[in-house]
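Computed from the coordinates by the stated procedures, all read-outs in this text should not be read as laboratory data. Worth saying up front: this structure is predicted, and the values here are computed from it rather than measured. Glycine also receives a Cβ, built like all others from the backbone with ideal geometry; neighbour counts cover every protein chain displayed.
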Amino acid sequence: MVDKEKVKGKAEQLKGKVEQAVGKATGSEETQARGTVHEAQGKAREKVADVKGKVKRLLGFDLTGINRGSVFVSAVGAVILIVIFRVLAPGRRQPA
């Protein structure tokens, strides 16, 4: 299956390259600069898609379905557990 974000990244890069060429042909430094930015944004989007794909393969499931709220609640729960542990075992030292 083709990753839509990778395709969007490639399209953004192509758009940037075209803008750079148009800017160069017309002598517009602003258009060239805008093209450079769009090309960099496309590369970044493609890299993010690569990383997301690797994480998905590593974990064995897609992260996009995870609700951000549930992740936040889990993080808050973890912090609460750490605080409780520190209160219940204050004399315990961390290994050096």
Excluding residues fewer than 8 positions from K17 in its own chain, the lysines with Cα under 27 Å of it are K4, K6, K8, K43, K47, K52
The FRET efficiency for A21 and V79, from their Cβ-Cβ distance with R0 = 35 Å and rounded to 0.05, is 0.10
Final fewest-first order of K17, K4 on the 10 Å Cβ neighbour count is K4, K17
